[in-house]
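Student: The structure's right below; bear with me while I get my questions together.
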Amino acid sequence: MRQRLLIVDDESGIVDMMKAYFAAEYEVLAAYSGQEAVRRAQEKPDLILLDINMPGMDGLTVCETIRSHVSCPILFLTARVESADKITGFRAGADDYIVKPFDLDELNARIAAHLRRERRHQKDSAVRFFGELAIDYAARTVTVQGEKVAFSRREFDILELLSLHPGQVFDRDRIYESVWGIDGAGSSDTVMEHIRKIRAKLAAYAVSGNVETVWGCGYRWNG
């Protein structure tokens, strides 16, 4: 079964060009607006190419809207190259930036690399090892050198979210919405307390540094 790409851009010429290029290798879905992208994201693409500068709902808003519901790589297509813009995009949940104008062969290679990485993650997702720390996602257990570390349901959910996306920065609002849901009866401030408890429990087993604070942005997993 061919993997599925979702291409999102308000410029139909760019979408048509990429559809023609990738159609031989992938199943290609297309969206020409942010609102349409949100709808088509429900069709479970394996990777999303998402233009930032769209009228109405822009790419950043699309990414923030769908990120809690899709785990596939999201690659931003943009003419923006400022580091502040990149930080904003990564905080929104992007996995990579593709700067316009781009070479289609290079873009294809970047897509293939992200899809390979995603397949490896899926293959390894039952149990992952981070030094002496092991996380069993199916059993929802965490062990250090075989000794079980007790975490609450919410604490494990945060660990799962961060550790399944190593290196990706999650701000408090996104963690809260992913773990408690958009309609959760609380605030993102509770994330800080849960992170503190997670670190304290790991530190009791001489494990530290996995949950890193990215000042002004959020948290990420080092492993």
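Student: So what J values fall out for region 9-17 if you push phi through Karplus, 6.51 cos²θ - 1.76 cosθ + 1.60 with θ = phi - 60°, rounded to Hz, Gly and Pro as x?
Tutor: So the Karplus estimates, Gly and Pro as x, are 6, 7, 8, 4, x, 5, 4, 5, 4 Hz.
Student: Moving to a separate point now. Ranked from the most accessible area to the least, with a 1.4 Å probe and all protein chains present, what is the order of K44, K148?
Tutor: Listed by decreasing accessible area, they come as K44, K148.
Student: Hey, in the GNM for the chain with a 10 angstrom Cα cutoff, which one of I135, I198, I14 fluctuates hardest?
Tutor: Its mean-square fluctuation being the largest, the pick is I14.
Student: With a 1.4 Å probe and every protein chain kept in, tell me what percent of the accessible surface of region 29-88 is carbon plus sulfur. If you can, show how the numbers build up before the last one.
Tutor: Numbers: 1340 of 2700 Å².
Using a 1.4 Å probe with all protein chains present, region 29-88 comes out at 50 percent carbon and sulfur.
Student: What full-extension length gain, to one decimal in nm, is calculated for A20 and E212 as 0.36 nm per residue of separation minus the Cα-Cα distance?
Tutor: Values: separation 192, 0.36 × 192 = 69.12 nm, distance 4.21 nm.
Taking A20 through E212 to full extension adds about 64.9 nm, to one decimal.
Student: Report the accessible area of S178, computed with a 1.4 Å probe over the heavy atoms of all protein chains in place, in Å² rounded to the nearest 10.
Tutor: Here the residue's solvent-accessible area equals roughly 50 Å².
Student: First compute the accessible area of region 102-223 with a 1.4 Å probe, then give the percent of it belonging to carbon and sulfur atoms. Let's see the in-between values first.
Tutor: Values: 3250 of 6630 Å².
Carbon and sulfur atoms account for 49 percent of the accessible area of region 102-223.
Student: Collect residues whose amide H, placed 1.01 Å from N in the peptide plane, falls under 5 Å from the amide H of F130; neighbours closer than 5 in sequence don't count.
Tutor: Long-range HN contacts for F130: I135.
Student: A further question on this structure: Can you tell me the orientation of helix 153-163 relative to the chain, as the angle in degrees between its alpha-carbon axis and the longest Cα principal axis, to the nearest 10?
Tutor: The answer is roughly 50 degrees.
Student: While we're looking at this one, here's another question. Over the chain, what is the percentage of antiparallel beta bridges among all DSSP beta bridges, to the nearest 5?
Tutor: Details: 16 of 33 bridges.
Around 50 percent of the beta bridges assigned by DSSP in the chain are antiparallel ones.
Student: With labels modelled as points extended 7 Å from the Cα through the Cβ direction, what inter-label distance (nm, one decimal) is found for T141 paired with H165?
Tutor: It is 2.8 nm.
Student: For the chain, with every protein chain kept in place, what is the accessible area per residue (1.4 Å probe, Å²)?
Tutor: Values: 11330 Å² over 223 residues.
Per residue, the chain has an accessible area of 51 Å².
Student: In degrees from 0 to 90, rounded to the nearest 10, what is the angle of the helix 83-92 Cα long axis to the longest principal axis of the chain?
Tutor: Value to nearest ten degrees: 70.
Student: E64 label point, 7 Å along Cα→Cβ, cut-off 16 Å on backbone N: hits in region 20-54?
Tutor: Hits in region 20-54 for E64 at 16 Å: 34-35, 38, 52-54.
Student: Return the long-range amide H neighbours of L77 (sequence gap of 5 or more, or a different chain), with a cut-off of under 5 Å between placed amide H atoms.
Tutor: Answer set, sorted by chain and number: L50, D51, I52, I98.
Student: Report which label in (1) 7, 30, 36, 21, 5, 1, 0; (2) 9, 38, 37, 14, 2, 0; (3) 7, 31, 33, 20, 8, 1 holds the value of P(r) over Cα pairs in 10 Å bins from 0, in percent derived from the coordinates of this structure.
Tutor: So the structure-derived entry is (3).
Student: So if each residue of separation counts as 0.36 nm, and I subtract the Cα-Cα distance between M192 and Q3, what length gain in nm does that give? The partial results should precede the final answer.
Tutor: Values: separation 189, 0.36 × 189 = 68.04 nm, distance 3.76 nm.
Between M192 and Q3, full extension yields 64.3 nm more.
Student: Taking 0.36 nm per intervening residue step and subtracting the Cα-Cα distance, what contour gain separates R119 from Q35 on full extension?
Tutor: 27.4 nm
Student: Sticking with this structure for a sec: Counting only residues 5 or more places away or on other chains, whose amide H sits under 5 Å from the amide H of L29 once H atoms are built in the peptide plane?
Tutor: L5, L6, I7
Student: Which Cα, out of P101, F130, G89, lies furthest along the positive dipole direction of region 1-130 (beta carbon charges, K/R +1, D/E -1)?
Tutor: F130
The values are calculated or read from the model by the stated rules, or taken from the named source; none is laboratory data. A quick note: this is a predicted structure, and the numbers were derived from the prediction, not measured. Counting neighbours? That spans all protein chains shown, and the Cβs are built from the backbone with ideal geometry, glycine included. The protein model used for the area step is the full one, side chains on, heavy atoms only, and it has no ligands, DNA or RNA in it. Shrake-Rupley method; radii C 1.70, N 1.55, O 1.52, S 1.80 Å.
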